[in-house]
Amino acid sequence: MPGDHSHYSLGTAAASEAVIRDLYLKLRIELFNWATVTFQTPQPRMGYIGQHLTSVVTGFPGGRSGARGKDLILPDGKFAEIKTCYRIDQLGSCAVCHELVASIELACPVCGSSNIVRKQDSKWLISPKHEADMHVLFDPAAYYLVLFDFEDLRHPTVINARIWIVDPRHPGFAYCLVDYYFNIKAKSISGAPFNLWPFQLKFQLMEPTLIYHARIDADNNIQTLIFPDELGAPQLYELAPLTEFARSSNLTSEAIKSVSERLGVQQVAGVTKLAALQVLEAERRRQTWPNGQLVRALVHGIYGDLGEYKDWLPS
């Protein structure tokens, strides 16, 4: 009967596609329709939708507590957290007059220009506000990172829905969050949450594994490409070529020197960051370093030993 979903089961690709259709696509279509009348944002609130989707994909139920509580209940008394990043339907701007332009508008509502700057800069937020939050930050068995984004922002038609799993006890996650709280947030006037940018260096240092991937085309057809134990295989997000990080503010010349020494690579003094990274990348390929070995060298090169805050790292 209408509205009866009892025939769906957690942990099935069919259920994941039904969740996307019912909770996301139908809502997105209606939001678009109403936005043409109200001129309000057509963006849906995706946090809870990400939780529903992750439950279906992993097969684990939620804790019925919304934003406050345990997002996923795992066996043996364990639990996991879910973070959702939604990069679809973001507010853009006119490249000519700089007026704000909604995602459903093909031209600037003020000057009529079709030269629109479309944005895709949303990120995952992790928000330890007090030391009490730091004490429990590493308690989840895993963090699931949900991302909705366009396959090609220049032609915003095909949508990717993906989920990565991250171990909070991985050095790339743990060192990053301890460094953020005590060395970055402590010096920040705003006290902003930690921004985890999809695909950037800090994300790659966490060695996330892609466990789910679906594509939604312009006609709202869903194609599931990766689903646990059913379709495809999990994919480790490996480090990009190191030369791509030459402009990273986190990967300083001093950090590169530390990484090189840790990996036994001789560097020429006084060269640019790019040249030093070219040397490291050449050695990476020649010696076929495992991804984990290079990641750990980078983590220690960037964050050092954290000094007096090292005891905050999970065991």
(request) Take the stretch 69-108 and flag every residue that is closer than 22 Å to P168 by Cβ and of a type in the set (S, T, N, Q). (result) T84
(request) Could you figure out which of (1) part of a loop (DSSP other than H, G, I, E, B); (2) not assigned by TED's automatic domain parsing to the domain that holds D179 isn't true of L277? (result) (1)
(request) Could you check Y303 against (1) among the aromatic types (F, W, Y); (2) in contact with a Cys (Cβ under 8 Å, 6 or more places away or on another chain); (3) over 24 Å from V178 (Cα atoms) and say which number it fails? (result) (3)
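Residue by residue, here is whether (1) surrounded by fewer than 21 Cβ atoms within 10 Å (Cβ to Cβ); (2) not aliphatic (A, V, I, L, M) holds:
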position: E151; (1), (2): yes, yes
position: R154; (1), (2): yes, yes
position: I159; (1), (2): no, no
position: F173; (1), (2): no, yes
position: N183; (1), (2): yes, yes
position: A192; (1), (2): yes, no
position: F199; (1), (2): yes, yes
position: L210; (1), (2): yes, no
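Looking at the stretch 276-291, which of its residues are of a type outside the set (F, W, Y) and surrounded by 15 or more Cβ atoms within 10 Å (Cβ to Cβ)?
Initial filter on the stretch 276-291 (of a type outside the set (F, W, Y)): 276-288, 290-291.
Selection gives A276, L277, Q278, V279, L280, E281, E283, R284.
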(message) Being part of a strand (DSSP E or B) and exposed (fewer than 13 other Cβ atoms within 10 Å of the Cβ) is the filter here; which residues of the stretch 100-145 pass it?
(response) L100, V117
(message) With the structure loaded, tell me whether Q267 is over 20 Å from V178 (Cβ atoms) and either hydroxyl-bearing (S, T, Y) or assigned to a loop (DSSP other than H, G, I, E, B) (or both) or whether it fails that test.
(response) yes
(request) May I ask you to say which residue of G191, G172 is in contact with a Leu (Cβ under 9 Å, 6 or more places away or on another chain) and either of a type in the set (G, A, S) or assigned by TED's automatic domain parsing to the domain that holds L251 (or both)? (result) G172
(message) What's the number of the only condition in (1) buried (at least 19 other Cβ atoms within 10 Å of the Cβ); (2) more than 20 Å from I226 (Cα to Cα); (3) under 17 Å from the mean Cα position of the chain (by Cα) that V178 fails to meet?
(response) (3)
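Go through G307, G301, G270, G264 for me and flag whichever is loosely packed, with under 15 Cβ neighbours inside 10 Å and either closer than 30 Å to H135 by Cβ or touching a helix residue (DSSP H, G or I) at 6+ places or on another chain (Cβ under 7 Å) (or both).
G307
The values are calculated or read from the model by the stated rules, or taken from the named source; none is laboratory data. The structure presented is a predicted model; accordingly, all values stated were derived computationally and were not measured. Neighbour counts are summed over all protein chains in view; Cβ atoms, including those assigned to glycine, are modelled from backbone coordinates with ideal geometry.
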